[in-house]
Amino acid sequence: GWTPSPGYDMVRDPNTWPRLESYVKDIISTFRDDRRVWVWDLYNEPANGDLGDISLPLVEKVFGWTRKINPTQPLTVGTWNGNPDLNNIIFSHSDIITFHNYNQADALRNAITDLKKHGRPIINTEWLNRPTGSLVETCLPVFATENVGCMHWGLVNGRTQTHLAWGAKPGSPAPARWQHDLFHADHSPYAPGEIARFKETISGKMLAK
């Protein structure tokens, strides 16, 4: 099972936000100059879970709390759902542009073209949903040719069970085509060709430099 952070009740209740402020400032103050931290992604998918615009004031607050600490690393919140008011906050306050995209290659490329208008480095922090057509063989080349970073958030199938589609019921059998992750629990690749494509793409980019 999944649970949201900080939780729907806290998002809705500003009286609880001092607890969040204390947490955010503590963590960022501790690691504000740590070279192992290369970016602060401050809030995952605001407005998700039917919160809508209720979560927008908290997004602005989190940016404000962090700016007071003034970390050396860049700040960002990922754009993900096309909410214009949310995106206005994100693009106004983020040092770099991050985004989620589980679409097919053509739609991914169009999204990147639109995001490049902001003139900032771009990194995708969520992608790969095989059943919907977000694939290694088609989307990874888009990231490479567009010079856009991409982070693969799943690796080995485990407790998060992202081999199953979102919304799968307990006891659901393993699908013929996994949603996410690259390796089975025994570390054998789901699709050896995908691993080869990653290696080819990474080595190609390194050689190009």
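Compute the semi-axes of the equivalent ellipsoid of segment 29-134, taking the square root of 5 times each eigenvalue of the Cα gyration tensor, and list them largest first in whole Å.
Square roots of five times the eigenvalues give 24, 17, 13 Å.
Taking 1 over the mean of 1/r across every pair of different Cα atoms in segment 3-52, what Kirkwood radius in Å do you get?
One decimal place: 12.5 Å for the Kirkwood radius.
Given the peptides 175-181, 26-32, arrange them by the average over their residues of other C-beta atoms within 10 Å, most packed first.
Taking the mean over residues of other Cβ atoms within 10 Å, the ranking is 175-181, 26-32.
Which residues' amide hydrogens lie under 5 Å from the amide hydrogen of T98, considering only partners 5 or more residues apart or on another chain, with H built in the peptide plane?
V77, T79, I123
Distance between the C-alpha centers of segment 1-29 and segment 93-123? Whole Å please.
Using only Cα atoms to place each centre, the spacing works out to 27 Å.
For the chain, what is one quarter of the convex hull surface built on the Cα atoms, given in nm²?
For the chain, averaging the hull's shadow over all directions gives 13.2 nm².
How much of the accessible area of the chain, probe 1.4 Å, is carbon plus sulfur, in whole percent?
Carbon and sulfur together cover 54 percent of it.
Leaving out ligands and nucleic acids, and using a 1.4 Å probe, what accessible area per residue does the chain come to in Å²?
Solvent-accessible surface per residue comes out at 57 Å².
Please sort 82-88, 128-134 by packing, taking for each peptide the average over its residues of neighbouring beta carbons within 10 angstrom, highest first.
Highest to lowest by the protection proxy: 128-134, 82-88.
Relative contact order (percent) for segment 116-162, with alpha-carbon contacts under 8 angstrom and 6 or more residues of separation?
Value for segment 116-162: 43 percent.
Evaluate segment 7-83: find the radius of gyration of its Cα atoms, find its Kirkwood radius, and give the ratio Rg to Rh.
0.98
Run the numbers on segment 33-80 and let me know its relative contact order in percent, using alpha-carbon pairs under 8 Å that are six or more apart.
Rounded, it is 58 percent for segment 33-80.
Please give the peptides 156-166, 101-111 ranked by average Cβ packing (other Cβ atoms within 10 Å per residue), highest first, as a rough proxy for protection.
Packing proxy ranking, top to bottom: 101-111, 156-166.
Once you keep just the Cα pairs under 8 angstrom separated by 6 or more residues, what percentage relative contact order results for the chain?
Worked out over the chain, it gives 13 percent.
The values are calculated or read from the model by the stated rules, or taken from the named source; none is laboratory data. Keep in mind that what you see is a predicted model, and the values were worked out from it rather than measured. A quick note on method: Cβ atoms are made from the backbone with ideal geometry, for glycine too, and the neighbour counts reach across all protein chains shown. Heads up: the accessible areas ignore ligands, DNA and RNA and are worked out on the full protein's heavy atoms, side chains in. Shrake-Rupley method; radii C 1.70, N 1.55, O 1.52, S 1.80 Å.
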